[in-house]
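Everything below concerns the one structure shown next.
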Amino acid sequence: MANARVTHAEQQELQEAARRCGKSLSEWSRDTLLREARRGPGDAVFTELIATRMLLVNLIKPLALGEKVSPSWITEAMTMVRKEKHKAAHEVMQQYTQQAGKEPSDGNTMG
């Protein structure tokens with residue numbers, strides 16, 4: 001058995017999430033907790049999304065300036081992305097985590 005203390009608003013939010021999945025709160029909570037516990041330190045989908053963003057950002061600049069992009073430049077850019085994507089994804093996730101800690105406690109995420 002695992003217990004967590006939540007506010008009334010958080011309880012409602014959790015129940016709504018369970019309802020959307022067609023599960024009881026208990027079943028949904030168990031599935032969610034186990035999924036998170038089993039997840040590795042790096043989320044592969046998130047890391048690849050950041051890698052795609054890195055590649056696009058690096059490609060858009062020369063194209064926007066009217067520069068030609070050679071096949072060797074693309075190969076070099078892809079090599080750099082492969083080397084740096086895990087570090088970049090970790091840094092972006094830290095930024096999100098830090099921002100989440102600064103949000104108002106009333107659940108208002110606007111702004």
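The values are calculated or read from the model by the stated rules, or taken from the named source; none is laboratory data. Only a predicted model underlies this, so the values are computations on that prediction, with no experimental measurement involved. For neighbour counting, all protein chains shown are included, and Cβ atoms are generated from backbone atoms with ideal geometry for every residue, glycine included. Ligands, DNA and RNA are excluded from the accessible area calculation, which covers all protein heavy atoms including side chains. Shrake-Rupley method; radii C 1.70, N 1.55, O 1.52, S 1.80 Å.
A few remarks follow.
- Among (i) 107; (ii) 163; (iii) 87, the entry that matches volume of the Cα convex hull per residue in Å³ as calculated here: (ii)
- Within the chain, helix-based [θ] at 222 nm, where runs of 4 or more DSSP H residues each add -39,500 (n - 2.57), nearest 500: -25000 deg cm²/dmol
- Among Y96, L63, T79 the positive-end extreme of the charge dipole of the chain (Cβ point charges): T79
- Cα-centred dipole magnitude for the chain, charges only on beta-carbon of K, R (+1) and D, E (-1), debye, nearest 20: 320 debye
- A9-L63 FRET efficiency (beta carbon distance; Förster radius 30 Å; 0.05 resolution): 0.05
- Peptide ranges 5-14, 81-90 listed from the most packed, as the mean C-beta count within 10 angstrom indicates: 81-90, 5-14
- Accessible carbon and sulfur surface of the chain relative to its total accessible area, %, 1.4 Å: 56 percent
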